[in-house]
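Chemist: I'd like to ask you about the structure that follows.
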Amino acid sequence: MTEIPEDHPRYMSLVTREMLVKGVNDGITSMQGLIAQGRGEAFDYLIGEKTTGTAMRATKAAAAMLLLAERPVISVNGNTAALVSKEICELSKLIDAPVEVNLFHRTEERVGKIVKRLRSDGCITIYGDNPDRLIPGLSHDRAKASSEGIWAADVVLVPLEDGDRCEALIRMGKKVITIDLNPLSRTSRMATITIVDNIVRAIPNIHAFALEMKSMSPMELQEIVVEFSNAESLSRSLEDIAENLKKLQ
Ligand code: ATP
Ligand code: MG
């Protein structure tokens, strides 16, 4: 890895890039994943490379929805594995949600390497290397799912998802929580809850909220979920960007 000086003004962003490049070299991230990160970074720049109040409220609603879920599952792709594998495993244990490797550019080799990475980072129940179901409405490889995992889930946390697949999961009647820096993406618009934030900040924040809210009653959690509106949250995210840009003028 290239050594990044800690006092560099864009330190975190550069470290994130290095992690993804390492992900590609290790065979867990696709080349296309680097381009997806670039699109995300552009939006991160626009929101000021920080977690906004809007994102924090969405994160809290997401934590509540995950705690209420009967069968929550965390979907992991190559970018997620490269950036937050340990943090995903910690969250998985805290909320008792298995993980499922789910790749847009699927190769069995990459699935195997991601499963290995997740296992060494502490994940216990890992699906995805033996899919036995196809999500309706998607082309074959992208449709693969496991009957015990995403197929049976009521709530799926799918960071950095593609719009098409998000829509297909919603059509199956699932609640979808996504993390996407682009408030305009199809995924952001389709999801039940969209956290407009960088995944490297959002996953630890979900963990912190879930830990704090674990003792709340289902009714209290339900109230938090019901009060949340994704459409409103997305339009606030766009306002956040506009305000941030005004400050810079
Ligand atoms: P959609 O299909 O939903 O319209 P898209 O085609 O623009 O989205 P994809 O390439 O399918 O995008 O998925 C990548 C998405 O993930 C992008 O919207 C990008 O903003 C977002 N993204 C990339 N890196 C990060 C990150 N580190 N944290 C949060 N979001 C990210
Ligand atoms: Mg897409």
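Each reported figure results from applying straightforward, stated rules to the coordinates on display, with no laboratory input. In this text, all values refer to a predicted model and were calculated from it rather than measured experimentally. When we count neighbours, we look across all protein chains shown, and the Cβ atoms used for this are built from the backbone with ideal geometry, even at glycine.
Chemist: Find, among the trypsin sites (Lys or Arg not before Pro) in the range 7-110, those assigned to loop by DSSP (not H, G, I, E, B) with at most 14 other beta-carbon atoms within 10 angstrom.
Modeler: Filter output for the range 7-110: ARG10, LYS50.
Chemist: How large is the Rg to Rh ratio of the range 53-248 when both quantities use alpha carbon positions and Rh follows Kirkwood?
Modeler: With Rg and the Kirkwood Rh in hand, the quotient comes to 0.96.
Chemist: Using a Cα-Cα cut-off of under 16 Å, which lysines could be cross-linked to LYS113, ignoring same-chain neighbours fewer than 8 residues away?
Modeler: List returned: LYS22, LYS86.
Chemist: Let me ask something additional. Could you give each residue of the range 103-117 its phi-based ³J(HN,Hα) in whole Hz, using Karplus coefficients 6.51, -1.76, 1.60 with θ = phi - 60°, and x for Gly or Pro?
Modeler: Rounded to whole hertz, the list is 10, 6, 9, 7, 10, 4, 5, 5, 4, x, 5, 5, 4, 5, 4.
Chemist: Spin-label point model (7 Å from Cα, Cβ direction): what's the GLU109 to VAL226 distance in nm?
Modeler: Those two pseudo-labels are separated by 5.3 nm.
Chemist: Sticking with this one: Every cysteine in the chain with no other Cys Cβ under 4.7 Å from its Cβ, please list them in numeric order.
Modeler: CYS166
Chemist: Now a separate question. Taking the Cβ of ARG10 as the center, what net charge do the other residues with Cβ under 14 Å away carry, scoring Lys and Arg +1 and Asp and Glu -1?
Modeler: Within the 14 Å Cβ shell, the charges total -4.
Chemist: Taking the alpha-carbon distance from LYS246 and a cut-off under 26 Å, which lysines remain once sequence neighbours fewer than 8 residues away in the same chain are dropped?
Modeler: LYS50
Chemist: Separate question: In debye, nearest 20: dipole of the range 26-70 around its Cα centre with unit charges on the Cβ of K, R (+) and D, E (-)?
Modeler: Using only the charged Cβ atoms, the result is roughly 220 debye.
Chemist: Expected output is a single nm value to one decimal: the length gained when fully extending between SER235 and LYS93, i.e. 0.36 nm times separation in residues minus the C-alpha distance. What is it?
Modeler: In short, 47.8 nm is gained.
Chemist: Right, here's the next one. With labels modelled as points extended 7 Å from the Cα through the Cβ direction, what inter-label distance (nm, one decimal) is found for GLU3 paired with GLU49?
Modeler: 2.1 nm
Chemist: What's the long-distance tail for the range 128-234, i.e. % of Cα pairs beyond 19 Å?
Modeler: Here the tail beyond 19 Å accounts for 50 percent of pairs.
Chemist: Based solely on its DSSP helices, what 222 nm [θ] is calculated for the chain when runs of n ≥ 4 H residues each add -39,500 (n - 2.57) and the sum is averaged over all residues, nearest 500 deg cm²/dmol?
Modeler: Estimated from H runs of four or more residues: -18000 deg cm²/dmol.
Chemist: Continuing with the same structure: Output ³J(HN,Hα) for the range 167-184: one whole-Hz value per residue in order, computed from phi by the Karplus curve 6.51 cos²θ - 1.76 cosθ + 1.60 with θ = phi - 60°, and x for Gly and Pro.
Modeler: Values, residue by residue: 4, 5, 5, 4, 4, 6, x, 8, 8, 10, 9, 10, 10, 8, 5, 9, x, 9 Hz.
Chemist: Using θ = phi - 60° and the Karplus relation 6.51 cos²θ - 1.76 cosθ + 1.60, list the HN-Hα couplings for the range 189-198 in order, rounded to whole Hz, with x at every Gly or Pro.
Modeler: 6, 7, 5, 6, 9, 10, 9, 7, 7, 6
Chemist: Follow-up. Once both labels are modelled 7 Å past Cα along the beta-carbon direction, what's the ARG189-HIS140 spacing in nm?
Modeler: Here the modelled spin labels are 3.1 nm apart.
Chemist: Choose one of HIS140, HIS207, VAL99: the residue whose Cα lies farthest towards the positive end of the charge dipole of the range 53-248 (beta-carbon charges +1 Lys, Arg; -1 Asp, Glu; about the Cα centre).
Modeler: In the range 53-248, that residue is HIS140.
Chemist: Then there's this: Could you let me know the centre-to-centre spacing of the range 172-249 and the range 1-67, using Cα atoms, in angstrom?
Modeler: With the range 172-249 and the range 1-67 each reduced to a Cα centre, they are spaced 16 Å.
Chemist: Once amide H atoms are built 1.01 Å from N in the peptide plane, which residues 5 or more positions from THR194, or in another chain, come under 5 Å H to H?
Modeler: Correct list: THR178.
Chemist: Could I ask something else about it? Counting Lys and Arg as +1 and Asp and Glu as -1, each charge on the Cβ, what is the dipole of the range 53-248 about the Cα centre in debye, to the nearest 20?
Modeler: 360 debye
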